[in-house]
1. Could you tell me which numbered condition G148 fails, if it satisfies all but one of (1) open to solvent by 10 Å² or more (accessible area, probe 1.4 Å); (2) within 20 Å of the chain's Cα centre (by Cα); (3) of a type in the set (G, A, S)?
2. From V290, V317, V306, V282, grab the single residue that is hydrophobic (A, V, I, L, M, F, W, C), under 23 Å from Q233 (Cβ atoms) and exposed (fewer than 10 other Cβ atoms within 10 Å of the Cβ).
3. I'd like the residue in region 64-96 that is among the small types (G, A, S) and outside any helix (DSSP H, G or I) and, out of all such residues, is nearest to Q134 (Cα to Cα).
4. When the residues of region 222-236 are narrowed to those that are under 10 Å from the mean Cα position of the chain (by Cα) and part of a strand (DSSP E or B), which ends up nearest to L271 (Cα to Cα)?
5. Among the residues of region 1-45, count how many are farther than 14 Å from K61 by Cβ, assigned to a loop (DSSP other than H, G, I, E, B) and touching a residue at least 40 places away in the same chain (Cβ under 8 Å).
6. In the set N245, N239, N211, which member is in a loop (DSSP other than H, G, I, E, B), of a type outside the set (A, V, I, L, M) and either open to solvent by less than 10 Å² (accessible area, probe 1.4 Å) or within 18 Å of G174 (Cβ to Cβ) (or both)?
7. Looking at region 168-203 only, could you name the residues that are open to solvent by 50 Å² or more (accessible area, probe 1.4 Å) and within 15 Å of the chain's Cα centre (by Cα)?
Amino acid sequence: MSLIRLSALAQMIGGVLVGADREVTGVASLKSADLQRLVFLSDLRKKQELLASKSKAVIVKTNEGLPVDVSYIVCSNPALAFARASAYFNPLPISNSRVHPSAVIAEDVVLPVGVEVGPHVVVEPGVKLGEFVQLKAGVFIGSNSKIGSNTIIYPRAVIYADSEIGEHCVIHSGAVIGADGFGNAWAGDHWERIPQIGRVIIGDNVEIGANTTIDRGALDDTVIESGVRLDNQIQVAHNVKIGRNTAIAACTAIAGSAEIGRNCMIGGGALIAGHLKIADGVTLLGGSGVPSSIHEPGVYASGVPVVPHADWLKNMVHLRKLDGIAKRLKQLEKQVAKQVQEEQSDSN
């Protein structure tokens, strides 16, 4: 169990301690906290939840109007400070530097210091691993791939041949990196496969969620820049490029050759068409459909919010009539314009 004084933790996470210098052993939610676990207050409207909590150590933006018998770490970004505190108490696993006897490792592969290779891992010829890489049970690393130092690849993830993954990355269970993109040519009566000869290039400090798939490029490479965060069950098609520090939530699908800028935030279930560009600093709300390029930063959304089924049925009846209404409206506009023209002509 980790134990640290709030004064030391405050210095570590970029805050200022106000109140008694208590010892804490971990983090918790307001509901589940005890006397030795740290919580954070994201919104002063949750003050009543804090009053009901057992915690005596809280990260806040301001402690004005809050109980005086509680210790506070005051900082400008409580959510970020809490994330750093949680990371201190819950670090990523450390390599055990062991190679399981069931692992199959090609003869030409060199294992640098600190590398962990779990049960039933397969590492093909030409693979280059950095120091302290962790390959958990059942991981497959295809030939000539490169994995940077301190990267963790969790059980059953599959890295196809020629892929490159940077340092300090986290690849979660079931992820597939470097599978063929969806490339086919119609031959009149059947489909013929287009070989996918590009690679997947992933930068440093990237996290890829469980069962997310990233296809290799058709000719050029699929590129995920450093600092990107991809949630679970995301589809990234061939030749997609995702800019630095962009975060994408679960179940988003990105079609081939789309280019997403840096520092974007994309909500869950977004559908992004291929061969388009999304500018830096774009936020897409969940469920948005993007059929064409977005050239300016900002918040974008599409789709219809959920309504009771009976209301939806009524709206659909009106929706089916929109084309006819638009045609009648156009005719009325022409009639009104003609009438105005005639009246102006008579007045002259």
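1. It is condition (2) that G148 fails.
2. Values: V290 fails: exposed (fewer than 10 other Cβ atoms within 10 Å of the Cβ); V317 fails: under 23 Å from Q233 (Cβ atoms); V282 fails: exposed (fewer than 10 other Cβ atoms within 10 Å of the Cβ).
None of the others qualify; the one that does is V306.
3. Applying the filter and picking the extreme gives S95.
4. L230
5. Total meeting the criteria: 6.
6. Result: N211 is the single residue among N245, N239, N211 that is in a loop (DSSP other than H, G, I, E, B), of a type outside the set (A, V, I, L, M) and either open to solvent by less than 10 Å² (accessible area, probe 1.4 Å) or within 18 Å of G174 (Cβ to Cβ) (or both).
7. H172
Let's see how each residue does on (1) open to solvent by 80 Å² or more (accessible area, probe 1.4 Å); (2) at pLDDT 95 or above; (3) not in a loop (DSSP other than H, G, I, E, B):
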| site | (1), (2), (3) |
| --- | --- |
| K47 | no, no, yes |
| T62 | no, no, no |
| P101 | yes, yes, no |
| D108 | yes, yes, no |
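The values are calculated or read from the model by the stated rules, or taken from the named source; none is laboratory data. What you see is a predicted model; the values in this text were computed from it and never measured. Every residue, glycine as well, gets a Cβ built from its backbone with ideal geometry; the counts of neighbours run over all protein chains shown. Side chains are part of the model used for accessible areas, which takes the heavy atoms of the whole protein and leaves out ligands, DNA and RNA. Shrake-Rupley method; radii C 1.70, N 1.55, O 1.52, S 1.80 Å.
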